[in-house]
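Participant: This is the structure, below, for whatever I ask next.
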Amino acid sequence: MSRFFATGSDSETESSSSGEPEPSVVKAPPKQPFLLSDDEDDAKRVVRSARDKRFDELTNIIKMMRNAMKIKDMTKVLEEFENLGKAFVKAKGIIDKEGIPRFYTRILADTETFVQEIWEDREGRKKMSKNNSRSLSGLRQKLRRYNRDFEAEISAYKENPVVSEDEREGSGDESDSDGDETEEVTRGDLKKKLREPQGKEGDDESDSDDVWSSDNSDSETDDTDSDRRAPLAFKFLKKNTEQKPTKRSKGRRMRVKDKEDPEVEEEEEEADEGGWKQVRSGPSMEKPKMFVKGTEINHAVVLKKLVEIMQARGKKGTDRIGQVEMLNELNHISEQHDLGPAMTIKIMFNITSSLFDYNSNLAACMKPGMWKKSLTSIEDLMETLFDHEEIAVGDHIAEESENVSDPDKYRVRGCILSFVERMDEEFTKIMQNTDAHSQEYVTQLRHEARVCTIINRLQTLLELRGTPDEICRCYLRRILHTYYKFDFKAHRKQQLERQRLEKQEQNEVTEETDEQQDKEEMSKSERDQGESESEGESSEGLIDRLCKFIYARDRTDRIRTCAILCHIYHHALHDRCYQARDLMLMSHLQDNIQHADPPVQILYNRTMVQLGLCAFRQGMIKDSHNALLDIQSSGRAKELLGQGLLLRTMAERNAEQEKLEKRRQMPFHQHVNLELLECIYLVSAMLLEIPYMAAHEFDARRRMISKQFHHQLRVSERQPLLGPPESMREHVVAASKAMKMGDWRTCRNFIINEKMNGKVWDLFPEGNHVQQMLVGKIKEESLRTYLFTYSSVYDSISLLTLADMFEVDQTVVHSVVSKMIINEELMASLDEPTHTVVMHRTEPTGLQKLALQLAEKLGSLVENNERVFDSKQGSFGYFGRDQKGPYQQKQNFAGRGYRQGFRGGD
């Protein structure tokens, strides 16, 4: 008889004699026989169900995934993740009946967390191989799409990640009507649980007894038909009637707190059983006891403890937050035992230094929370220094010569200026790494007032006890926070002064009303002046005073160069064009600026741009074009001004160069409007280029004033269909075409309209004044273009007619025509009695110019043909043409006659 049909009588007798449980014979569910047989070596053979096979396949894949995640083999993780999805599809029928296993939800959540951590670690990603980097991107996309179907399960797991087994209510097929809960575990988990000793540390004895306890009633219920359909594993599992967490589960119920987030408040909630507790993850420095009980607290003991704490600075595994906390505690102990202000200052220097050490990567910015703590620490340190001016503090003091115990000889090594500079640099980094179009940027920008207050107090402190070099460094910091800001109060005073002068010149009102208005305006100006005096000096006077001190005392070229550029920028921003221009020319910075470091070069470019804008507002079109030419003609204005990187240039840089370029970018609130800049440049080029093109229309060797402007014109001419202009460039091109025809009204309407006002002209402090100036320039240049284009048509033309055509004063027309005659641009003369312009007709007409141009081109073509013919026929035609003998001259004459006859001559 085959052993597969053996009954369980023999095994029953053996088990009864031995007194052990009877696991060898189990009644299997229908259609899934679970038979055991004994071979010659007493080995047991198990026939597994489909459920066990599928779950074993899933657990094996999960195990391989976790091993790959430990070594960060992203290619292997991606491969096993795809296999996991295929195995899940195979087990779909079983999972639909029993529910998604807990271990499957756990691996999805853990993989998502793992991928997110790797993705946020930019330094680590850059060190990855290409295959791993590509696999990481693919895994991130696939995991994001795949986890959408399991969002509810993953969120439930993340809310309670402690329970390692999946708990669910019993299915309807089971005979238990009480709704007892069963644990769903894998085969590996079951083996591990069966092997676990009863008296294991950390488990209650009652729990271990309950696992193995069994009653006759239980065995009887297990023999029911509903129990036969259940898997064998459920027979050996404990029925959980009451969910009571053990000590181990309590230990696992700890919510991990990221130590890198100092903003999170440390709160400990004590619950009855299994309460939540916040702990720090990652390496941490074991906090030593500050002092042994009974130790006498004196200067030597505190200094020794301070050195002990600071020796852990920079070491791997050091808890930087804990280090700051210990220093604060040490400072508190020093103040309690009244060890003197010098000891307090020394400890506060170390506290501030430790706060800056929190961010180990200098390329990245500090977290806003830690930066705010550093602000508070610097403010407290500065208050202490102000309260104790007798203490000598500086980085020139050696550590050996420090004295914190003798009140008469207090000396502390430290540099508050370096801390303020580092704080200011971190503020710039924070602004660079914040989205400029978010509310967060506005929130962070509000802290600039606090930064400026600290710099102002530092200036007062250094003016009392600092060296000239330190004062220059502090002055430069204050200048850099002031030079780009527009002083509205000073602008209002200038505006009132200008309006008063204009009214005096125009004499539009009577003397009484003038005096009354003057009194009102003077009272307003006096009121404004009183307010400005109460608040402090104006920005113009402040920057002028600080810069002049730097010019006289600074010994480094870099600080002086930055001060000069900021001074010029501030002059140009407030329309003091001549002062800015003279200072730029006297400094000779344009001669050697190429040797400066990139941040100074960016500041120079910003200053030149602001000079160009200032010259345009003052009506100096040619100066404005020359100032903006280098920046705009390069096509890299965004990069040269430190306002972003071009994509094509970013591809040419490596990772380190890209980091350096990003650190040099200006914060968004200091940016110059690039569209405004381009519009000013194109309008200036239009006012210069269109009259020049009209004057040299038939000149084959005509030079270009602005290549970018000509490029825009060619792009417009290549378009098959021209509609109404939409963008700023299209408006300028359409205005240029109208000016070329002498139509100044159409040109004005294209340049000054509602859309252009909103994009460009309303951005100026005095937009109306700029528009009036621009209309006057358009009229003058349109008049010059008209005279260049149509002068050959007229024998004479009246100045009054030209004034009516272009709606300008006759004096303006007279001035424009006189300049053209003096510069020999127009061959005409003025008849003063009749107020007419008489044309001399010395210039050829348009048809004559075209004929002369055609004749010149034909002559060059004939000469080229002769050279080609001679190169093919040898030197026959030119034989001896350069010789002066009679024979050679005769031959040359004969050759010329031959060529004339060949061309059809007589």
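Participant: Of the conditions (1) modelled with pLDDT under 90; (2) crowded, with 17+ Cβ neighbours inside 10 Å, residue 728 fails just one. Which one is it?
Facilitator: Evaluating residue 728 over (1) modelled with pLDDT under 90; (2) crowded, with 17+ Cβ neighbours inside 10 Å leaves (1) as the failure.
Participant: Which members of region 111-130 meet the condition of being assigned to a helix (DSSP H, G or I) and either not assigned by TED's automatic domain parsing to the domain that holds residue 72 or not charged (D, E, K, R) (or both)? Give the derivation first.
Facilitator: Taking region 111-130 as the starting set, the residues that turn out to be assigned to a helix (DSSP H, G or I) are 111-120, 122-126, 130.
Within region 111-130, 111, 113, 114, 115, 116, 118, 119, 124 meet the criteria.
Participant: When the residues of region 700-713 are narrowed to those that are charged (D, E, K, R) and within 19 Å of residue 781 (Cβ to Cβ), which ends up nearest to the chain's Cα centre (by Cα)? Spell out how you get there, then give the answer.
Facilitator: Our first condition is that a residue be charged (D, E, K, R); within region 700-713, this holds for 701-703, 707.
Of the ones still in play, those that are also within 19 Å of residue 781 (Cβ to Cβ) are 702-703.
On the way: 702: 44, 703: 41 Å.
Filtering first and then ranking leaves 703.
Participant: If a residue has to be in contact (Cβ under 8 Å) with a residue 24 or more places away in the chain, closer than 27 Å to residue 369 by Cα and either crowded, with 16+ Cβ neighbours inside 10 Å or not charged (D, E, K, R) (or both) to count, how many in region 398-448 make the cut?
Facilitator: Of the residues in region 398-448, 22 are in contact (Cβ under 8 Å) with a residue 24 or more places away in the chain, closer than 27 Å to residue 369 by Cα and either crowded, with 16+ Cβ neighbours inside 10 Å or not charged (D, E, K, R) (or both).
Participant: For the condition more than 21 Å from residue 777 (Cα to Cα) and not in a helix (DSSP H, G or I), what is the one hit in 583, 645, 603? Outline the logic, then answer.
Facilitator: Details: 583 fails: not in a helix (DSSP H, G or I); 603 fails: not in a helix (DSSP H, G or I).
Going through 583, 645, 603 in turn, just one is more than 21 Å from residue 777 (Cα to Cα) and not in a helix (DSSP H, G or I): 645.
Participant: Follow-up question, since we're still on this one. Could you look through region 654-711, keep only residues that are small (Gly, Ala, Ser) and under 30 Å from residue 791 (Cα atoms), and pick out the one that is surrounded by the fewest Cβ atoms within 10 Å (Cβ to Cβ)? Even if it seems obvious, please write down each step before you answer.
Facilitator: We begin by selecting, within region 654-711, every residue small (Gly, Ala, Ser); these are 655, 684-685, 694-695, 700, 706.
Keeping just the survivors that are under 30 Å from residue 791 (Cα atoms) gives 684-685, 694-695, 700, 706.
On the way: 684: 28, 685: 26, 694: 21, 695: 18, 700: 8, 706: 21.
That would be 700.
Participant: Give me a count of the residues in region 819-864 that are closer than 30 Å to residue 803 by Cα, hydrophobic (A, V, I, L, M, F, W, C) and loosely packed, with under 13 Cβ neighbours inside 10 Å.
Facilitator: Number of matching residues: 2.
Participant: Mind checking whether some residue in region 668-684 is at pLDDT 85 or above, of a type in the set (A, V, I, L, M, F, W, C) and not in a helix (DSSP H, G or I)?
Facilitator: Filtering region 668-684 for residues at pLDDT 85 or above gives 668-684.
Next cut, of a type in the set (A, V, I, L, M, F, W, C) only: 668, 672, 674, 676-677, 679-680, 682-683.
After this cut, where a residue has to be not in a helix (DSSP H, G or I) as well, the list is 672.
Among the residues of region 668-684, at least one is at pLDDT 85 or above, of a type in the set (A, V, I, L, M, F, W, C) and not in a helix (DSSP H, G or I), which makes the answer yes.
Participant: How many of the residues in region 407-438 are within 25 Å of residue 463 (Cα to Cα) and of a type in the set (Gly, Ala, Ser)?
Facilitator: We begin by selecting, within region 407-438, every residue within 25 Å of residue 463 (Cα to Cα); these are 407-427.
With the extra rule that they be of a type in the set (Gly, Ala, Ser), the set shrinks to 414, 418.
Total meeting the criteria: 2.
Participant: Next question, about the same structure. Name the residue, out of 716, 634, that is hydroxyl-bearing (Ser, Thr, Tyr) and closer than 27 Å to residue 778 by Cβ. Steps first, please.
Facilitator: Working: 634 fails: closer than 27 Å to residue 778 by Cβ.
After applying the criteria, what remains is 716.
Participant: OK, next. Can you report the number of residues in region 300-343 which are assigned to a loop (DSSP other than H, G, I, E, B), loosely packed, with under 14 Cβ neighbours inside 10 Å and either at pLDDT below 85 or among the aliphatic types (A, V, I, L, M) (or both)? So that I can check it myself, show each step before the final result.
Facilitator: Narrowing region 300-343 to residues assigned to a loop (DSSP other than H, G, I, E, B): 312-319, 337-340.
Adding the requirement that they be loosely packed, with under 14 Cβ neighbours inside 10 Å leaves 313-317, 338.
Filter again for either at pLDDT below 85 or among the aliphatic types (A, V, I, L, M) (or both), leaving 313-317.
The qualifying residues number 5.
Participant: Could you figure out which of (1) in contact with an Asp or Glu (Cβ under 9 Å, 6 or more places away or on another chain); (2) under 25 Å from residue 814 (Cα atoms); (3) surrounded by fewer than 18 Cβ atoms within 10 Å (Cβ to Cβ); (4) touching a residue at least 40 places away in the same chain (Cβ under 8 Å) isn't true of residue 784?
Facilitator: (3)
Participant: Pull up region 733-762, narrow it to residues that are over 20 Å from residue 714 (Cα atoms) and among the β-branched types (Val, Ile, Thr), then point me to the one that is surrounded by the fewest Cβ atoms within 10 Å (Cβ to Cβ).
Facilitator: The residue in question is 746.
Participant: Then there's this: I'd like to verify a number: residues in region 565-579 that are over 28 Å from the mean Cα position of the chain (by Cα) and surrounded by fewer than 24 Cβ atoms within 10 Å (Cβ to Cβ), how many?
Facilitator: 6
Participant: Within region 714-749, count every residue that is in a helix (DSSP H, G or I) and more than 36 Å from the chain's Cα centre (by Cα). Walk me through how you get there before you give the answer.
Facilitator: Here is the first cut: in region 714-749, the residues in a helix (DSSP H, G or I) are 714-718, 728-740, 744-749.
Keeping just the survivors that are more than 36 Å from the chain's Cα centre (by Cα) gives 717-718, 734-740, 744-749.
Of the residues in that region, 15 qualify.
Participant: Every residue in region 367-401 that is closer than 13 Å to residue 419 by Cβ and in contact with a Lys or Arg (Cβ under 7 Å, 6 or more places away or on another chain), please.
Facilitator: Scanning region 367-401 gives 375, 382, 395.
Participant: Of everything in region 92-108, what is of a type outside the set (Phe, Trp, Tyr) and within 16 Å of residue 67 (Cα to Cα)? Give them in sequence order.
Facilitator: 106, 107, 108
Participant: From the list 656, 689, exactly one residue is modelled with pLDDT of 90 or more, in a helix (DSSP H, G or I) and among the acidic types (Asp, Glu). Which is it? Let's see the steps before the verdict.
Facilitator: Details: 656 fails: modelled with pLDDT of 90 or more.
On inspection, the qualifying residue turns out to be 689.
Participant: Then there is this: State whether one or more residues within region 66-81 are farther than 30 Å from residue 364 by Cα, in contact (Cβ under 8 Å) with a residue 12 or more places away in the chain, among the β-branched types (Val, Ile, Thr) and surrounded by 14 or more Cβ atoms within 10 Å (Cβ to Cβ).
Facilitator: no
The values are calculated or read from the model by the stated rules, or taken from the named source; none is laboratory data. On a predicted model such as this, the values are computed, not experimentally measured, just so you know. Neighbour counts are summed over all protein chains in view; Cβ atoms, including those assigned to glycine, are modelled from backbone coordinates with ideal geometry.
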